[in-house]
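Colleague: Let me begin by handing over the structure; questions about it come next.
The values are calculated or read from the model by the stated rules, or taken from the named source; none is laboratory data. All of these numbers come straight from a predicted model, not from anything done at the bench. Backbone-built Cβ (ideal geometry, glycine too); neighbour counts: all protein chains shown.
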Amino acid sequence: MSTTVTVLVVLRDGPRALTRLLVRCHGRGWEPLTVRSVCDGERCEVVMRLRATAPAAQVRAQLERLVEVEHVAVDSAGAVPDGVAFAAVRRMATWVPLAA
């Protein structure tokens, strides 16, 4: 059974930061439904909705293993619009987000 989770990942910005994250998702069989990213030259903040067969805790644990990840937040917001889900996961942030 698949569920939709909202994920916020902050990683050190590099030429392939977003690509590495998406490759990990696809490798685990998680389908990115919506992806938004903002980079400031030092960090890359990615917020996305994923359709995953794994529970939210496992999604978080797998994403935290990526090289250069600084923070991961996962929210199990149900069938809400992307903007609402993205705002909810950003409220979990323990730093000043790059995007509002």
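Colleague: Could you check how many residues of region 1-34 are among the basic types (Lys, Arg), modelled with pLDDT under 90 and part of a loop (DSSP other than H, G, I, E, B)? Step through it out loud before you land on a result.
Modeller: Keep residues of region 1-34 that are among the basic types (Lys, Arg), which gives 12, 16, 20, 24, 28.
Filter once more, so that each one left must be modelled with pLDDT under 90: 12, 16, 20, 24.
Narrowing the set further to residues that are part of a loop (DSSP other than H, G, I, E, B) leaves 16.
Total satisfying the criteria: 1.
Colleague: Looking at Val35, Val9, Val23 in this structure, which one is surrounded by 14 or more Cβ atoms within 10 Å (Cβ to Cβ), among the aliphatic types (A, V, I, L, M) and farther than 15 Å from Ala73 by Cβ?
Modeller: Values: Val9 fails: farther than 15 Å from Ala73 by Cβ; Val23 fails: surrounded by 14 or more Cβ atoms within 10 Å (Cβ to Cβ).
Exactly one residue qualifies, and that residue is Val35.
Colleague: Something else now. From the residues in region 1-48 that are in contact with a Cys (Cβ under 6 Å, 6 or more places away or on another chain) and hydrophobic (A, V, I, L, M, F, W, C), which one is farthest from His71 (Cα to Cα)?
Modeller: Ala17
Colleague: Restricting the first residue to region 47-67 and requiring it to be under 15 Å from Glu31 (Cα atoms), which pairs with a second residue that is in a helix (DSSP H, G or I) meet a Cβ separation below 6 Å and a spacing of at least six or different chains?
Modeller: What qualifies is Val47/Phe86; Ala52/Val59.
Colleague: Any idea how many residues of region 35-71 are in a strand (DSSP E or B), under 11 Å from Val5 (Cα atoms) and in contact with a helix residue (DSSP H, G or I) (Cβ under 9 Å, 6 or more places away or on another chain)? Walk me through it before giving the result.
Modeller: If we filter region 35-71 for residues that are in a strand (DSSP E or B), which is where we start, we get 35-39, 43-52, 69-71.
Next cut, under 11 Å from Val5 (Cα atoms) only: 47-52.
Next cut, in contact with a helix residue (DSSP H, G or I) (Cβ under 9 Å, 6 or more places away or on another chain) only: 47-50, 52.
Qualifying residue count for the region: 5.
Colleague: Within the set of pairs 6 or more residues apart or between chains, which connect a residue that is polar (S, T, N, Q) inside region 11-37 to a residue that is in a helix (DSSP H, G or I) and surrounded by 13 or more Cβ atoms within 10 Å (Cβ to Cβ) with Cβ atoms less than 8 Å apart?
Modeller: Thr34/Asp82; Ser37/Leu18
Colleague: The conditions are (1) modelled with pLDDT of 90 or more; (2) under 12 Å from the mean Cα position of the chain (by Cα); (3) in a helix (DSSP H, G or I), and Phe86 fails exactly one of them. Which is it?
Modeller: Only one criterion in (1) modelled with pLDDT of 90 or more; (2) under 12 Å from the mean Cα position of the chain (by Cα); (3) in a helix (DSSP H, G or I) is unmet by Phe86, namely (1).
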